[in-house]
Amino acid sequence: MNETSLPLERIMKQGIYIFFMLLIGYVSAFAQQTWTDAANNSVSFPHSIERIADAWPAHNAIVTMLGSGDKIVATIVTPQMCPWLYKINPHMQKATVAFSTDSGAMGSMEELLKAKPDVVFVSSGNKNRELFKSLGLNVFELSLTDFFSLKETVLLTGKVLGQKALIKAEAYATYLEEVTRSIEAKLKPIPQNQKPKVLHLSGIGASYVADGSDSMMDAWIRLAGGINVASELKGANKVVSMEQIVAWNPDIVIIGASSRSVQASDFLDNPVFKTLAAVRTKKVYINPKGMFFWDRYSAEAILQVQWAAQIFYPELFKTFDIEHETISFYTRFFDYPLSKEEAKMIIQGIPPPR
């Protein structure tokens, strides 16, 4: 073997190695993954998700929790809707608001197409799903109605977004299971006739909007050991009369933190409600609001049920510190070192200072 053969042979081997590495990279760039969504549709999209459009308000926080918040390029969430989301995930400032929150409205299809998303997440029943598909977009539908489907939604999202996201999703699923089991065990001895009657209102003012059965709000009320007085209604966001609220006579009233202007006194000072048990004992509360509304279809619903359980049964949960748990949760799952002051603001439903 002459002296030049070894270098030549080495060069050829290196060349073959580089060729195959380039080929693998080329194939990977165009590799597809296929998953079945909550509507039982088989959806294919790039193996590596780099650009996300999210038409489901609550799901933007789930994507952020799973470490892909910087990949959201199109959203339905505005800074006014969820200011804590924009603070904790500043990448949201670069996302275009391409979807409309108005029922049935399409938003800006031009902006959505310009964003070039690899996947478009939508909630179950999104009226524009077929339109998005007709534009050649990869639409992935998700459904969330209770704590089991919350866990499944987070896990499925993790699978779609990749291994790193799935690891975080599995950690969240474990936490959710541990918390729900602990609460169920502690409340198991309480008989039905000793549970507080609870009314959750999504809105008050010009109209009163209650949340009935078959909703996430009903799920956390029951898990926290309460009786949803509006369970005769099916679904969320049902307009009810003040007379109906008086007839229900709830022991506890929880009002969604739709805006900073909502105060417990808005309900307590209404003379129509002066005979209510909740008013007489001043058990009217404004719901916490963080990355999303804790009381709705949110990853933070697992904090909501702990907050609610302590309100329903203060003696049983007197050693539980919701402020500490909130700080721990945001640090662990949102990778954000929440301060005590920030935790207090979130628990009180107050947005961050501008």
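Structure summary
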| quantity | calculated |
| --- | --- |
| Lys289 among the basic types (Lys, Arg) and in contact with an Asp or Glu (Cβ under 7 Å, 6 or more places away or on another chain) | no |
| The lone exception for Ala39 - which of (1) crowded, with 24+ Cβ neighbours inside 10 Å; (2) in contact (Cβ under 8 Å) with a residue 40 or more places away in the chain; (3) aliphatic (A, V, I, L, M) it fails | (1) |
| Of all residues making up region 114-154, the number that are free of Cβ contacts under 8 Å to residues at least 40 places away in the same chain, exposed (fewer than 15 other Cβ atoms within 10 Å of the Cβ) and of a type outside the set (Phe, Trp, Tyr) | 9 |
| Boolean, Ser213 is without any contact (Cβ under 8 Å) to a residue 24 or more places away in the chain, in contact with an Asp or Glu (Cβ under 7 Å, 6 or more places away or on another chain) and not hydrophobic (A, V, I, L, M, F, W, C) | no |
| Of the criteria (1) farther than 17 Å from Ala301 by Cα; (2) modelled with pLDDT of 95 or more; (3) crowded, with 17+ Cβ neighbours inside 10 Å; (4) of a type in the set (A, V, I, L, M), which one Met242 fails | (3) |
| Members of region 36-57 that are charged (D, E, K, R) and under 20 Å from the mean Cα position of the chain (by Cα) | Asp37, Arg51, Asp54 |
| Residue ranges of helices (runs of 4 or more DSSP H) in region 140-234 with at least 1 members outside the structural domain of Tyr313 (by TED's automatic domain parsing) | 147-161, 163-187 |
| Candidates Gly158, Gly162, filtered to the one that is within 22 Å of Tyr297 (Cα to Cα), touching a residue at least 60 places away in the same chain (Cβ under 8 Å) and not aliphatic (A, V, I, L, M) | Gly158 |
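The values are calculated or read from the model by the stated rules, or taken from the named source; none is laboratory data. Quick caveat: nothing in here was measured; it's all calculated off a predicted structure. Methodologically, a virtual Cβ is constructed for each residue, glycine included, from the backbone with ideal geometry; neighbour enumeration extends over all protein chains shown.
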